[in-house]
Amino acid sequence: MSDWLTSFRYAFRTLRRQPVFVLIALVTLALGIGANTALFSIIQAVVLNPLPYEAPEKIVVLWEVNPDGVLDRVSVPTFEDWKADVRSLESVAAYRRADFTFAGSGDPVSVSGVRATPELFAVLKANARLGRTLLPEEGLVGGPRVVVLSDTFWRRALGAEPGVVGRTIQLDAEPYTVVGVMPPDFEFPTAASAQLWAPLAFDPKDLHGRSRRARSLMVVGRIAANGTPGQAQEEVRLLAARVAADNRDSNEGWSARAVAAHEQLVGASRPALLMLMGAVVFLLLIVCANMANLLLARLSHRRREIAVRGALGGGRWEVARPILAESLLLSIGGGALGWLSAAAGLRLLAALPDARLPRLDQIQLDARVLAFTTVVSITVGLAFGLLPALQASRGELRDSLSDSFANTATRGARRLLNALIVLEVAIALVLLVGAGLMTRSFTKLLAVNPGFDPGNVIAAQVFLPTTKYRERHRLVQFFEDVVERVRNAPGVTSASAVSILPMNDVGVASALPFSVEGRQPPKSEDPLADVRIVTPGYFETMRIRLLEGRYLDERDGADNPRTSLINETMARRYFPDGSPLGQTIVNPHGKSVVVGVVADVRNQGLDSEPKKQVYLPLRQSPTAGMSVVARTGRDPAAFASAIRNAVWSVDAEQPIYELSTMDQILARAVFLPRMSATLLALFAGAALLLAGLGIYGVLSYAVSQRTREIGLRMALGASGGRTVGLVVRNSLTMLVAGVVIGLVASTLVARSISGVLYGISPFDLPAFSIAAGALGAAGLIATLIPAVRATRVDPIIALREP
């Protein structure tokens, strides 16, 4: 141990005398270790951490699967079938997202919550910290109005009142009795910020709600102690087949699937995050190779010192230990700086307004991340220090005491330097190809027409309490009054309202069954169409193109014949041989005559194909939840107060759920591909810079070692061009070898990331060509600088070199 302490003290003194080298080394290491630390902390929180429930591996999410293989929500009868007949599940619960208006002592606020069957807490095996959870009788129609609070809501809204259990609070203008408060670490749905849990009941008189075609439930289940996920999957599949056979009109071609709850939460994010983790590991390999090159180059100036150590009887370990001590000191310092840079990067990520990752609030630099950073730092120190240390301890190096050999690199050292450069070039090319693919994919995604113009549009989501707005005409009057006030605000060019915003997952399930009078649906297709309720002027405000017929307007009132608009996808699918105008569509809202066709809107995201769409006028199909949208003549964010004032001037007790510009909503929809493309581009740029610096450093070192030879050649009449060619030839060999190896590796990596690409092939020729060209240009520049410098060597001075 004392020998190591002595070596560390000596290494510290040695490094202190070379501040420029130390600074370059620390910045390089901080880049690689910091990127790995930040990505690991994200992956730990999002992918690796288990769900915060007892035995979370036993929890599954149950879905119905449509004939196209797409997961869909669950109908009430199907949920009841699973609850009664699936033996491998010990408990099953259904829930719907809900938003409650809470009227406390201050302004009314909208609170995110859940309506769930009482079995939910049994599925999660969660108990209240105060009071209790929901009872079975509270999940019946006409049952008492009770609510379970989150710890956050209890503290923030009710001041952590100890006697809160039994207290009555006002939700949606109705009294609810508080029966329990959950522990601080409880959340459900995970990462959804639900603050309240109230009972969900199914009214047997609600014929539409109990239809198998009305799929509106999220369902979770807990696998029994003697059951397995495979058994649960097989049971729900067989039950779905039986239901499909008995209910061909609603379930033909439909199946069911049980998905592990953890997989359901992180499945969409995992491929992109693992791809980024692979990229930072590659970047760290380049850092290690660069650091090994730096230390190997430094050995040329320490050969006499090392030789003296060997001549004085030092064994291989005694000679190698100071080199390893230096590398470990550098890596630990780089790890500390990397930790700080990771902390800054994660704070920046959390502050992004469009950040959209599951469990984002749980990302932190905890003890496990600290242990990871420590292990990475030590491993990196050993990785880049071991090769120079072994090289330094070689016998021929230790015996080089004469001046004529003191600054001459061994052939083995040169081969090792060259091999490291080839490795750097190959890895850098892989990162450049990956960044090129992701950038081109993201560019293709952004080029997709969303079907509307998001510029200068702001939207406010409002959910009216149905207990306060029971009459249909009051719902209509509220939103029409708000829209009129917003429309008349200075700077607003147009305003309207829609039940569910494009690319916004807040809202009720909107896919409803429909039929066309006098027409049979295509075979093997359950006719479903997304339904949006709109007020006059919506299409003009959002600039959704009219393809045929007319827009919905003031003519579509409650006392007039029912009308509707459909989108281009639905018109093409159901009316391929003629115009849909004048055709009658039947859905749970009633019969309506098609009066127009509008362009497709990508409501589910830019990377999702448009679905069949029906638009209905608010006056004929009133709904309690709408988003007020306004197009403005300048920055739409400046009109937030105008929308708030318009809402509160109609109802001073009505909260606004969320205010966002459509640009912000669009940015959230593409957050993950944007983050992936941006980070990969940064990593690839860093890799390109490091590879260029590595080539430059090795060639500068090689030129310094061949100064006498170069001077002699020039003294004998060698031209500058021949001298440049002499220096460049070896570099080009390394560069070409690295590019060839990198292209082979890139094809394998490209295939593995094909699932996260949009609109391009994983073997996209421009991405490969640009990456190889950029790396070749950087390598050539890094080569020419020391090569040109070599031609400026004074032969007289060079011949005096030892």
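The values are calculated or read from the model by the stated rules, or taken from the named source; none is laboratory data. What you see is a predicted model; the values in this text were computed from it and never measured. FYI the Cβ positions are ideal-geometry reconstructions off the backbone, even for glycines, and counts take in every protein chain you see. Keep in mind that these areas ignore ligands, DNA and RNA; they rest on the heavy atoms of the full protein, side chains included. Shrake-Rupley method; radii C 1.70, N 1.55, O 1.52, S 1.80 Å.
On the stretch given as the range 449-470, residues that are more than 25 Å from the chain's Cα centre (by Cα) and over 18 Å from residue 494 (Cα atoms) total 9.
Report whether or not residue 528 is surrounded by 20 or more Cβ atoms within 10 Å (Cβ to Cβ), modelled with pLDDT under 80 and either under 19 Å from residue 64 (Cβ atoms) or not basic (Lys, Arg) (or both). For residue 528, the condition - surrounded by 20 or more Cβ atoms within 10 Å (Cβ to Cβ), modelled with pLDDT under 80 and either under 19 Å from residue 64 (Cβ atoms) or not basic (Lys, Arg) (or both) - is not met. Scanning the range 743-777 for residues that are among the aromatic types (Phe, Trp, Tyr) and surrounded by fewer than 19 Cβ atoms within 10 Å (Cβ to Cβ) turns up 758, 763. For residues that are farther than 21 Å from residue 220 by Cβ and of a type in the set (A, V, I, L, M, F, W, C), scanning just the range 238-258, find the one that is surrounded by the most Cβ atoms within 10 Å (Cβ to Cβ). Here the residue is 244. Quick check on residue 98: is it farther than 30 Å from residue 685 by Cβ and in contact (Cβ under 8 Å) with a residue 12 or more places away in the chain? It is true that residue 98 is farther than 30 Å from residue 685 by Cβ and in contact (Cβ under 8 Å) with a residue 12 or more places away in the chain. The selection criterion, being modelled with pLDDT of 90 or more and open to solvent by 10 Å² or more (accessible area, probe 1.4 Å), does not hold for residue 416.
Of the residues making up the range 434-488, those that are within 19 Å of residue 100 (Cα to Cα), modelled with pLDDT of 90 or more and open to solvent by 50 Å² or more (accessible area, probe 1.4 Å) number 1. Of all residues in the range 619-639, those being among the small types (Gly, Ala, Ser) and in a helix (DSSP H, G or I) number 2. Taken as a whole, the structure places residue 425 among residues that are β-branched (Val, Ile, Thr) and at pLDDT 85 or above.
Residue-by-condition table, conditions (1) at pLDDT 85 or above; (2) over 30 Å from residue 36 (Cβ atoms); (3) touching a Ser or Thr at 6+ places or on another chain (Cβ under 8 Å):
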| site | (1), (2), (3) |
| --- | --- |
| 623 | yes, yes, yes |
| 633 | yes, yes, yes |
| 637 | yes, yes, yes |
| 646 | yes, yes, no |
| 661 | yes, yes, no |
| 672 | no, no, yes |
| 675 | no, no, no |
| 701 | no, no, yes |
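All of 330, 357, 382 fail the test of being part of a loop (DSSP other than H, G, I, E, B) and at pLDDT 70 or above, apart from 357.
A single entry from 31, 15 fulfils the requirement of being part of a helix (DSSP H, G or I), in contact with a helix residue (DSSP H, G or I) (Cβ under 7 Å, 6 or more places away or on another chain) and under 30 Å from residue 366 (Cα atoms): 31.
Looking for whichever is within 32 Å of the chain's Cα centre (by Cα), within 25 Å of residue 583 (Cβ to Cβ), open to solvent by less than 60 Å² (accessible area, probe 1.4 Å) and at pLDDT 95 or above here; the options are 544, 500. Which one fits?
544
The range 221-293 holds helices (runs of 4 or more DSSP H) entirely within its bounds, and those carrying 3 or more residues that are hydrophobic (A, V, I, L, M, F, W, C) map to 229-246, 261-266.
Each row is one residue, and each column tells you yes or no for (1) within 30 Å of residue 541 (Cβ to Cβ); (2) open to solvent by less than 40 Å² (accessible area, probe 1.4 Å); (3) in a helix (DSSP H, G or I).
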{"position": "652", "(1), (2), (3)": "yes, no, no"}
{"position": "674", "(1), (2), (3)": "yes, no, yes"}
{"position": "683", "(1), (2), (3)": "no, yes, yes"}
{"position": "686", "(1), (2), (3)": "no, yes, yes"}
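Among the residues of the range 559-614, the one identified as of a type in the set (S, T, N, Q), free of Cβ contacts under 8 Å to residues at least 40 places away in the same chain and in a strand (DSSP E or B) is 592. Filtered by the rule that a residue be of a type outside the set (Asp, Glu) and under 18 Å from residue 90 (Cβ atoms), the range 230-255 gives 230, 231, 232, 233, 236, 239. Has the range 581-595 got any residue that is modelled with pLDDT of 90 or more and touching a helix residue (DSSP H, G or I) at 6+ places or on another chain (Cβ under 8 Å)? No, there is no match, as no residue in the range 581-595 is modelled with pLDDT of 90 or more and touching a helix residue (DSSP H, G or I) at 6+ places or on another chain (Cβ under 8 Å). Only a single item in (1) open to solvent by 40 Å² or more (accessible area, probe 1.4 Å); (2) modelled with pLDDT of 85 or more is not met by residue 222, and it is number (1).
Rundown of residues vs (1) small (Gly, Ala, Ser); (2) within 23 Å of residue 188 (Cα to Cα); (3) touching a Lys or Arg at 6+ places or on another chain (Cβ under 8 Å), yes/no style:
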residue	(1), (2), (3)
220	no, yes, no
224	yes, yes, yes
227	yes, no, yes
243	no, no, yes
250	yes, no, yes
254	no, no, no
264	no, yes, no
268	yes, yes, no
281	no, no, no
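Candidates 320, 325, 342, 336: the one that is at pLDDT 85 or above and buried (at least 19 other Cβ atoms within 10 Å of the Cβ) is 342.
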